[in-house]
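The values are calculated or read from the model by the stated rules, or taken from the named source; none is laboratory data. Bear in mind that the values here come from a model prediction, so they are computed numbers and not experimental data. Heads up, the Cβs are rebuilt from the backbone with ideal geometry, glycines too, and the neighbour counts pull from every protein chain shown.
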Amino acid sequence: MSRFWKWFWGLAAALPLAVFVVWALYDSPRLFLTTTLNGLTLAALYFLVASGFTLVFGLLRNVNLAHGSLYLLGAYIGWVIGDWSDSWLLAVASGFLSAALFGLVLQVGVFRFMQGQDLRQTMATIGLSIILADVMLWIWGGQIYQFDPPRWIIGSTTLPIVGRFPTYRLILLGSSIVIGFMLWWFLNRTRVGMMIRAGVDDRAMLAASGVNVQVVFAVTFAIGAGLAGFAGVVGGTALSIAPGEDTRYLLASLVVVIVGGMGSVIGAAHGALLIGLAEQFGLAYAPTYGIVFTFVVMTLVLAFRPQGILGRRG
Amino acid sequence: MSAAQWRKAMNFSAGSRDWSGGRATAPVALRPRAGTAATEIRETPLISLLWRRLSLAHIVVLLALLLYPWVATPFFTFQIGAQSLVLGLIALSLTFLAGYGGMLSLAQMTVAGIAGYAIAIFATSGTAEISLGWPWWLAVLVALVIATACSTFIGWLSVRTEGIYTIMITLAIGVAFFYLAQQNYAVFNGFQGFQKVVPPELFGLYWRDPMPFYYLSLFWALAGYLFVSYLICAPFGIALQGVRDNARRMSALGFNPVAHRIAAYAVAGFLAAIGGVLMVWYNGLITPGSVGTSWLINILIIAVLGGMRHPVGPFLGAIVFVLLQNFAVDLVDRERFNLLIGVVFLAIVLFSPDGLLGWWSHLRRRMGPTTGQARLGASATPKSGS
């Protein structure tokens, strides 16, 4: 594409957006800023779920369609532990650990035997997601569960212009940024992270260099699954947990990862930001067509950059 | 390079593809190709015997299908027979895409659902504020066109990336459509969807009665089956399989892989759209639940259960699926149907990637003498299984 067309399409997309922003700010700055903040919090949650998904795909080439089920599993187990111990922090920890452990079992017990068979692995994860969804429905029933977080995080904070905004959502936003930085640090500054990055680039070479690839795979899968479980408790506190949430977050991670680029954690952050904002703005300004905005973002990215914003070809 | 040359180059003896019990006309369409297999037949007379038995089997199956509603109860005719045929037709579109095009699309039920919604919106339904009340034939025509166009669009979007991405993109599209249908009241009537969407009364018959509806679905299922059987031996189908096996090589030969893939989506979309119209008439209603994630995946389950190596697979899978759905209550708790179908699906994926057809050919290989079929089976195996 020539430079002219790049500018042309860029302007064609940016101009209406700019017009909308100016109009929305003029119309009601409060609604606009609240929506932006809500979009950012949702993006934070989506990033937590999708980063695990993209990490697993990047290294293992495993499209884990049971990722939403891991989210829900972590949430339920976190709820049980939280209910039993009256400690929300313990619930968060158990959500992470239980999902991570389950992911570890899956990788070591099932997916290890299907290495390199992308499609078969994917279908196995579909089967697992059906089974998990039904077992969870069996155990925990169809009702909606709500966490009981400590008092200091459920109040609301007064912000300029926006007014009162739930403190918990700000904490969610902050913790997601912290997790993002921890992930970045882990991948770029530790030995295991280095192995994972090397594995994303060339698995065979990594194995040839004397690294036990299976261990790296298992660790990656456990972390990816654990992040989903963590997001389950954290997101379940912000909203609620109920059957069907697994599909919602699976869709979110799919779209985020398609938009951001497969296998790239930073891409997941970009994608989550785009999708979170698009969804919240859709909800606020065109209520029944909210999902269409998400879809339009995905279509545009696929049309002009099929590999995703930060994805690489091949 | 012509299709015939290509076939030769790929060592394709399409005639022997029909090993797994297709219906009558498949061998007829393939007869010109039988010349290549003739030498083998002369060497082993058993194969020619097998051939004759197969053709007989086709006629028997066809007769059985035609006579079935006369011996079965209305429940078995409608709930089991017609539903299997309709679901099989939708799954057939997936088999065509995945087995012969190498593109595992999870959005086939979405395409069917779009056709169903279009029927409800353009023809008559219980929600008179939205339905436009057009004559049924016009509504059906428009529904088929819209659904096929949507499928082509989905194809255009998803063929931009390859392999495993297809499943993600199509799943995302399918789930997005589900949420749209659920949230939007102006067009899709939200959570309730549309009730009382019924086929027209024609020739003095109410087409939702078990027997007429069974024959209607049988007609379209057979038409779809024959169409796919023909298409996979036609130049387009052969080229599509070439694209599946090695897209780069095909584009070096002067084919346009992207165009072939998008065309395959259009064809599959048309089949799914027919299935979708029948489905909405079968159910008498369409709700967001009919295009929900579980149904997107159920179509995949049906196709995988039956096996993707032959167009008869999805119909076998649909029969098993519908039987399980209706009689799971005797095996397990009614609420636990999803668990059962999930376990069955996982077992198939883990232990028999080629589904029921895989078992069948495995059995045949063990019972009969070794023939050229094992080799051909290997070369003609769709990638989806592995």
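Below is a table of values for the structure above.
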{"quantity": "B:Ile167 being within 14 Å of another protein chain (Cβ to nearest Cβ), modelled with pLDDT of 85 or more, buried (at least 20 other Cβ atoms within 10 Å of the Cβ) and over 16 Å from B:Asn283 (Cβ atoms)", "calculated": "no"}
{"quantity": "Answer residue from the stretch A:190-211, given it is small (Gly, Ala, Ser) and touching a helix residue (DSSP H, G or I) at 6+ places or on another chain (Cβ under 6 Å) and is surrounded by the most Cβ atoms within 10 Å (Cβ to Cβ) among those", "calculated": "A:Gly199"}
{"quantity": "Test: residue in the stretch A:75-88 that is within 13 Å of A:Phe230 (Cα to Cα), within 17 Å of the chain's Cα centre (by Cα), buried (at least 16 other Cβ atoms within 10 Å of the Cβ) and not hydroxyl-bearing (Ser, Thr, Tyr)", "calculated": "yes"}
{"quantity": "Helices (runs of 4 or more DSSP H) within the stretch A:1-107 that include 1 or more residues at negative phi and modelled with pLDDT of 90 or more", "calculated": "A:29-60, A:67-85"}
{"quantity": "Some residue of the stretch A:246-261 being farther than 19 Å from B:Phe177 by Cα and at pLDDT 85 or above", "calculated": "yes"}
{"quantity": "Qualifying positions in the stretch B:97-116 - part of a helix (DSSP H, G or I), of a type in the set (S, T, N, Q) and either out of contact with any Gly (no Cβ under 9 Å at 6 or more places or on another chain) or within 12 Å of B:Ala303 (Cα to Cα) (or both)", "calculated": "B:Gln108"}
{"quantity": "Candidate set: the stretch B:316-358, residues that are over 22 Å from the mean Cα position of the chain (by Cα) and more than 13 Å from chain A (Cβ to nearest Cβ); chosen: the one farthest from A:Leu65 (Cα to Cα)", "calculated": "B:Asp330"}
{"quantity": "Residue identified as of a type outside the set (Gly, Ala, Ser), over 17 Å from A:Leu274 (Cβ atoms) and within 14 Å of chain B (Cβ to nearest Cβ) among A:Phe53, A:Phe4, A:Phe57, A:Phe8", "calculated": "A:Phe57"}
{"quantity": "Boolean, B:Val280 is in a helix (DSSP H, G or I), surrounded by 24 or more Cβ atoms within 10 Å (Cβ to Cβ), in contact with a helix residue (DSSP H, G or I) (Cβ under 8 Å, 6 or more places away or on another chain) and within 14 Å of chain A (Cβ to nearest Cβ)", "calculated": "no"}
{"quantity": "Answer from A:Gly226, A:Gly236, A:Gly261, A:Gly210 - the residue that is more than 14 Å from chain B (Cβ to nearest Cβ) and at positive phi", "calculated": "A:Gly210"}
{"quantity": "Selected residue (only one of B:Gly126, B:Gly190 is modelled with pLDDT under 80 and within 9 Å of another protein chain (Cβ to nearest Cβ))", "calculated": "B:Gly190"}
{"quantity": "In the stretch A:264-287, the residues that are of a type in the set (A, V, I, L, M) and more than 11 Å from chain B (Cβ to nearest Cβ)", "calculated": "A:Val265, A:Ile266, A:Ala268, A:Ala269, A:Ala272, A:Leu273, A:Leu274, A:Leu277, A:Ala278, A:Ala284"}
{"quantity": "Filter result for B:Thr287 (away from chain A (no Cβ under 14 Å) and β-branched (Val, Ile, Thr))", "calculated": "yes"}
{"quantity": "Helices (runs of 4 or more DSSP H) lying entirely in the stretch A:193-274 (those with 1 or more residues that are more than 26 Å from B:Ile167 (Cα to Cα))", "calculated": "A:203-208, A:213-238"}
{"quantity": "Index of the failed condition, A:Met298 passing every other in (1) of a type in the set (A, V, I, L, M); (2) crowded, with 22+ Cβ neighbours inside 10 Å; (3) not in a helix (DSSP H, G or I)", "calculated": "(3)"}
{"quantity": "Hits in the stretch A:212-224 (condition: exposed (fewer than 14 other Cβ atoms within 10 Å of the Cβ) and touching a residue at least 12 places away in the same chain (Cβ under 8 Å))", "calculated": "A:Gln214"}
{"quantity": "The lone exception for A:Gly290 - which of (1) small (Gly, Ala, Ser); (2) in contact (Cβ under 8 Å) with a residue 60 or more places away in the chain; (3) within 12 Å of chain B (Cβ to nearest Cβ) it fails", "calculated": "(2)"}
{"quantity": "Residue ranges of helices (runs of 4 or more DSSP H) in the stretch A:112-189 with at least 2 members within 14 Å of chain B (Cβ to nearest Cβ) and surrounded by 15 or more Cβ atoms within 10 Å (Cβ to Cβ)", "calculated": "A:118-140"}
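Residue-wise test of (1) buried (at least 17 other Cβ atoms within 10 Å of the Cβ); (2) in contact with a His (Cβ under 8 Å, 6 or more places away or on another chain); (3) farther than 18 Å from B:Tyr265 by Cα.
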| site | (1), (2), (3) |
| --- | --- |
| B:Thr77 | yes, no, yes |
| B:Ala91 | yes, no, no |
| B:Ala123 | yes, no, yes |
| B:Leu132 | no, no, yes |
